[in-house]
Amino acid sequence: MWKKEFKEELKKFLKDEQFIFQAKMSEHTTFKIGGAADVLIFPSNFEEVEKIFKLIEKFKIPCTVLGKGSNVLVLDNGIRGAVVKFTEEFFGSVRAEGNRIIAGAGASLKSVSEFAAEHSLTGMEFAVGIPGSIGGAVFMNAGAYDGEMKNIVENVKAVSPDGKLMNFGRENLNLGYRKSIFQENNYAICEVELNLTAGNKIDIKNKMADFTERRESKQPLELPSAGSTFKRPKGYFAGTLIDKTGLKGLRVGGAMVSEKHAGFVVNVGGATAKDVLNLIEEVRKRVCEVHGVTLNPEVRIIGE
């Protein structure tokens with residue numbers, strides 16, 4: 001079995017707290033759902049990422065890359081192979097160089113937004129309430145209110161599946177609605193450089209406070225979820241369509257369409273991935289019957 005040898009190799013350059021075998025993914029995702037990953041690894045610098053990917057290639061095992069685990073549904077049988085997770089603890093450094101901010105992939109959008117505000121830099125306010133990491137935000141080209149990552153990302157450092165560090169300038173990122181080049185090339189985002197604009201600290205903080213209040217009043221932040229469940233269909237809002245179909249509170253097992261915001265499926269306790277998938281399917285079917293609009297999940301579904 002590859003696991004024993006793989007563990008010995010990891011021990012040569014990682015601390016014990018940087019990897020977990022048979023890691024329950026329900027403990028490492030915001031949905032609090034998912035079976036075990038064969039091995040979960042937390043790199044802390046570029047060199048470790050390169051070594052981890054070279055090792056994964058050497059052992060020919062599948063690899064999944066995660067940020068905060070906020071936009072994913074891990075299936076009930078877990079994830080085979082290695083999961084490389086960029087966390088705030090190990091890969092979350094943030095620094096400023098003039099109007100630019102350089103952040104490790106694991107840094108949360110909230111902490112990067114607050115860091116930008118402290119340095120009187122504007123352009124990042126929209127992201128203050130998005131519950132993900134900066135790496136995940138680039139991967140999905142996350143957006144909210146008046147902004148999206150596409151408008152502020154200048155450069156991304158990422159490691160290829162065979163362990164080589166590469167630079168991607170903004171023109172090579174293929175950023176579109178909830179998509180980026182990294183969904184196609186399987187590179188792991190390690191560091192993100194943002195190009196912001198000098199602004200007024202008080203105005204920036206006021207804008208962030210406004211967005212935070214709007215989000216907290218409308219979204220079910222008190223329950224585990226993966227954020228917005230569906231992509232926005234052209235010309236509509238997913239949540240409005242679901243609400244108009246009368247589906248708030250619709251439940252399958254421990255999964256429920258939020259009564260606060262119909263665009264969210266929440267875990268009201270003990271939900272399985274199967275519950276969530278069945279609920280998503282039922283919502284899609286009913287919305288299509290009533291409105292003739294097909295909803296597509298925004299949540300990444302991973303594992304087996």
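None of the figures in this text is laboratory data; all of them are computed from the coordinates on show. Not measured: the values here are computed from a predicted model. So basically every Cβ, Gly included, is an ideal-geometry build from the backbone, and we count neighbours across all protein chains shown.
Numbers for the structure displayed
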{"item": "Residue (of LEU66, VAL290, PHE53) at the positive-pole extreme of the chain, dipole from beta-carbon charges", "result": "VAL290"}
{"item": "Taking all pairs of distinct alpha-carbon atoms in the stretch 238-302, Kirkwood radius in angstrom", "result": "11.6"}
{"item": "Over the chain - Rg/Rh using Cα atoms and the Kirkwood inverse-distance radius", "result": "0.97"}
{"item": "Beta bridges by DSSP in the stretch 1-101, antiparallel share as percent, to the nearest 5", "result": "45"}
{"item": "The stretch 85-138: proportion of alpha-carbon pairs further apart than 13 angstrom, %", "result": "52"}
{"item": "Diffusion constant of the stretch 38-139 at 4 °C, which comes from Stokes-Einstein with the Kirkwood Cα-pair radius and 1.567 mPa s, µm²/s", "result": "88"}
{"item": "Likely footprinting exposure, PHE46, PHE237, PHE168, fewest C-beta neighbours within 10 Å first", "result": "PHE237, PHE46, PHE168"}
{"item": "Distance violations [Cα-Cα > 22 Å] among LYS85/LYS234; LYS3/LYS274; LYS218/LYS285; LYS32/LYS205; LYS7/LYS85; LYS248/LYS285", "result": "LYS85/LYS234; LYS3/LYS274; LYS218/LYS285; LYS32/LYS205"}
{"item": "Long-range amide H partners of ALA142 with built H, under 5 Å", "result": "MET149"}
{"item": "For the stretch 143-224: span of alpha carbons on each principal axis (Å, largest first)", "result": "44, 36, 20"}
{"item": "Prolate/oblate/rounded call for the stretch 2-89, Cα gyration tensor, a/c under 1.5 rounded", "result": "prolate"}
{"item": "Packing-based exposure ordering (other Cβ within 10 Å, fewest first) of THR29, THR197, THR245", "result": "THR197, THR245, THR29"}
{"item": "Ranked list, fewest to most other Cβ atoms within 10 Å of each Cβ, for LYS51, LYS201", "result": "LYS201, LYS51"}
{"item": "Alpha-carbon centroids, the stretch 224-281 and the stretch 132-208: separation in whole Å", "result": "27"}
{"item": "Lys/Arg +1, Asp/Glu -1 at C-beta; the chain dipole; positive extreme among ILE204, SER133, ALA37", "result": "ALA37"}
{"item": "Theoretical gain in end-to-end length, ASN45 to VAL290 [0.36 nm per residue, Cα-Cα removed]", "result": "83.2 nm"}
{"item": "Gyration tensor verdict on the stretch 100-195 (Cα atoms; rounded if a/c is under 1.5, prolate if a/b is larger than b/c, oblate otherwise)", "result": "prolate"}
